[in-house]
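Notes to accompany the following structure.
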Amino acid sequence: MSFLSIQFWIILPLILLYSLLPDGKQTIRKLFLLTVSVALYVSWNPISIIFLAWVAAITYSGALFQEKARENEHKLKLHFWGLLILTLLPLVTLKIRPAACPSSSVFFPVGLSFFTLQAVGYLSDVYHGRTQTVRNILDYSLFICFFPQLSSGPISKANELLPQLANPKRPEASDIGIGIKHLIWGIFLKAVVADNVGASVDAIYKNYLYYSGADCLLATILYCFQLYADFCGYTLIALGLARICGICLIDNFRQPYQATSISDFWRRWHISLSRWLKDYIYIPLGGSRCSRSQNYMNLLITFIVSGLWHGVKWTFVLWGVFLGFACILEKALKLNQPVTPTFHLLRQLLTFCAIDFSFILFRSPSISFFKDYIRHIIFDFQSLSLPDIGKGAIFTWIIGIGILITRDLYLEYGVERWKIKPVLSTIVSALLICGILSFGVLSGGNFIYVNF
Amino acid sequence: MRKLVNYCLLGVFIIICLDWLGGLVLDYFRSNANSGPTAIQEDIYKRKEFEVIIMGSSRACHHYIPTLMEKELQMTVANAGKEGNGIITMYGIAEMILQRYTPKVIIYDVTPEYDYLHYSEDGNLTRYLTPLLPYSKDKGVKKVIDKISRTECVKTLSNLYRYNSVIPTVIHDYLKNESDTLRGYLPLYGVLSQVQGRTMSNTDYYMNPTKTDFLQYFVSVCKDKGITLVFAASPKFGVESSDVFEWIHKLATENHIPLINFYTDSLFVNNPNYFNDAVHLNNEGAIIFTSKVCNVLRSIVAEQ
């Protein structure tokens, strides 16, 4: 069940009713949230619940065992690595399987990549003493399968989400108001921007030889906005739903196309994953507290892991390698330092170009497709023609991307200077809903990051 | 909490007002459009009467030239073909037309993947309702929408949703004052080359029961109204067999409906100069094809 399907909108009033539960009924709140989470997850694919239960059971019981084994460091370490392998086993096996047996049909439980990382993060934090072991199975189950973040994150840390779930409070009016606003923006970005832009991007990528090189280049730029609007839209919906329940989740995006370097971009894009990779891969490898060459190697490994997390394909590996080398180059040439206003726009543009190039790899089904596509852009660069793409579609992209950029500019530069009054905010929300009705693709399609 | 409820009510009020006003304005623009696809649709569905109506997918709107057919057949002709659409859309359009008058002839250009076969990009078939949504207040169209999806019925309570994705086109067609002379024909001027040949999605060759039901309804309605229905299979580049038309051939035979089959016609099938891409004739090809169809149609119409 997609968040944009009609079945979901039947459940939404139940979630709003949750907010009316009186204070102090914490067990009822937790049971309600757990029931909705499990019911939604089972409705997507009943078999997937086995993997969710496996990860939850291994990490919950494993953390409790770790506490008991704390006196014996060697035993604790062995235990930790054993648990890690068992937790990661379904994720690694199912990620590798399509690469190993391309002809076999692909089954991949929704959200496996996300809740596995969240569980591994918890296990690691308990091992290193950064968080306390959770004894209440209800709390832990909710931490693993909390429905707003279950399918595509954001990946939460135990010490930021568990306390909220362990003591769920009745949401305030401001929580519900902010939650509804996030929900509306999320649906707008997904249905109006991502899906409309995506239809044209898919048409061009599918038959790129039919289009000019300039059309294909435009498609790569549009894909950057499609991917951003799609994932940011999902995140806002997740944040909104959680906020309506009185829970604050980490925001995955901070105006990523305002970045002035690749390193800056990764502090703004898929923030929860970047944070996870930094805390559980980069820093344990040594981070920057080592020789320069080791630091560069750590960066490269972290980005390769990021690529592999998206999929076990050479395109994702090369995507990770490209970004890793880009970050290394920036570090070596000190290009990741704050810039003067004069060069600010130039650096933003250059960063966008580099990210755009990396997303061609990200989008390509194979290396040979990537090479052919780049070759077509360079050697068949005739003027923009966009056959079969109507003026109506172009109009919708321009308006949708324009609104997305305006929102980002406001959040980056204007949110401190210009506070939006509640009445204006209500009018904007109403206009967004009208925009969704007028231009949104409302067939309940899936989000891109559900595929990872 | 009271303030939140008040702001929510204000928001809902604004949405209802904008939705109602938007629908009013867009209905006016649509019914008074003088150019573009909006005007053509209004002429065919609501404003004018034509003795011959051509229906089908993009292969209909790119292959049949109404002005040429009018000269050959001495009858008024319009092309109601719609890109990427099939029998579900056409049935809805037929319902609208038949509420006003009964055409003498309907030529239905059959595209198997849209008209009776399962098509990989179909989803839940609601994509075929998109051209009908602006007319969802029409009784006949409402019936079609309801048969395909109750959810769409609920969504069409919103006036703005009825014009989902066509608002720029409707406004443009209202403001532009250039009347169309092609009556729904959309000429293509490219020439097929190996490199630029389009790839079609894989079609699963099994029947779609909803589509076949609609085809059966369509045939029954034409019979009841005394309309001469003619099925046509227009040319496609490079094909060797017309086996894919077996089912429609059977339906046509059972119901005594003529089937004009040019799918593998030797004049077209190996001649890329007549094609814009592998599935659509260019203007040169369409002129020749339309003449050939008229030659066959003359005798069919005379017999009826």
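Quick note: the coordinates plus some simple rules give every number you see, no bench work behind them. What you are looking at is a predicted structure, and each value in this text was computed from that prediction instead of being measured. Glycine gets a Cβ as well: all are built from the backbone with ideal geometry, and neighbour counts include every protein chain shown.
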### Query
Using a Gaussian network for chain B with springs between C-alpha atoms less than 10 Å apart, which of these wobbles most: B:15, B:93, B:227?
B:15
### Task
Could you grab the Rg to Rh ratio for the stretch B:158-283? Cα atoms only, Kirkwood for Rh.
1.04
### Query
With each run of n ≥ 4 DSSP H residues scored as -39500 (n - 2.57), what mean residue ellipticity at 222 nm is computed for chain B after dividing by its residue count and rounding to the nearest 500 deg cm²/dmol?
-14500 deg cm²/dmol
### Distance between modelled label sites at residue A:172 and residue A:332, nm, 7 Å Cα→Cβ extension
5.0
### Task
Find the centroid of the Cα atoms in the stretch B:115-168 and in the stretch A:367-439, then give the distance between the two in whole Å.
26
### Task
Just grab the label-to-label distance for residue A:86 and residue A:412, each label 7 Å out from Cα along the Cβ direction, in nm (one decimal).
4.7
#### Entry: the protein assembly as shown: C-alpha gyration tensor shape, a/c 1.5 cut-off, then a/b vs b/c
prolate
### Task
In whole Hz, with x marking every Gly and Pro, tabulate ³J(HN,Hα) for the stretch A:277-290 from phi via Karplus 6.51 cos²θ - 1.76 cosθ + 1.60, θ = phi - 60°.
5, 5, 6, 10, 10, 5, 5, x, 6, x, x, 9, 8, 6
## Note on the structure
Calc'd 3J(HN,Hα), the stretch A:168-181, phi into Karplus 6.51 cos²θ - 1.76 cosθ + 1.60 (θ = phi - 60°), Hz, glycine/Pro = x, comes to x, 9, 5, x, 7, 4, 5, 4, 5, x, 5, x, 5, 4
### Query
Using only helices, what value at 222 nm comes out for chain A when you add -39,500 (n - 2.57) per DSSP H run of length 4 or more and divide by the total residues, to the nearest 500 deg cm²/dmol?
-22000 deg cm²/dmol
### FRET E, pair residue A:27, residue B:104, Förster distance 56 Å, beta-carbon r, rounded to 0.05
0.15
## Note on the structure
With +1 on the Cβ of every Lys and Arg and -1 on the Cβ of every Asp and Glu, the dipole magnitude of the stretch B:62-107 about its Cα centre, in debye rounded to the nearest 20, is 100
### Task
Please give the average number of partner chain Cβ atoms lying within 10 Å of the Cβ of each residue in A:389-399, rounded to a whole number.
3
### Message
For chain B, set up a GNM with springs between Cα atoms under 10 Å and report which of B:170, B:105, B:191 has the largest fluctuation.
### Response
B:191
### Query
Which residues in the stretch A:182-221 place their backbone N less than 19 Å from a point set 7 Å from the Cα of residue A:381 along the Cα-to-Cβ direction?
A:208-221
### Message
Among B:123, B:238, B:36, which one shows the highest mean-square fluctuation when chain B is modelled as a Gaussian network with alpha-carbon springs under 10 Å?
### Response
B:123
### Message
For residue B:207, what residues show an amide H to amide H distance below 5 Å, using hydrogens built from the backbone and excluding near sequence neighbours?
### Response
B:118
## Note on the structure
At R0 = 35 Å the Cβ-Cβ FRET efficiency linking residue B:47 and residue A:199, nearest 0.05, sits at 0.65
### Cα Rg, Dmax, chain B, angstrom units
20.6, 75
#### Entry: Nearest 10 degrees, 0 to 90: helix B:2-31 Cα axis against chain B principal axis
40
### Query
Hey, with R₀ at 22 Å, roughly what FRET efficiency would residue A:254 and residue A:16 work out to, going by the Cβ-Cβ distance, to 0.05?
0.15
### Task
Report the label-to-label distance for residue B:299 and residue B:10 in nanometres (one decimal), using points 7 Å from each Cα along the Cα→Cβ vector.
7.5
### Task
Run the dipole for the stretch A:1-99 about the Cα centre, Lys and Arg Cβ at +1, Asp and Glu Cβ at -1, nothing else charged, and hand back the magnitude in debye, nearest 20.
120
### Message
Just to check I understand the Karplus step: with θ = phi - 60° and J = 6.51 cos²θ - 1.76 cosθ + 1.60, what whole-Hz values come out for the stretch B:77-90, glycine and proline as x?
### Response
10, 9, 10, 9, x, 9, 4, x, 10, x, 4, 5, 5, 5
### Query
Hey, any idea what the orientation-averaged projected area of the convex hull of chain A's Cα atoms comes to, in nm²?
23.7
## Note on the structure
Interchain or sequence-distant (5+) residues whose placed amide H lies within less than 5 Å of the amide H of residue B:54 are B:78, B:79, B:80, B:107
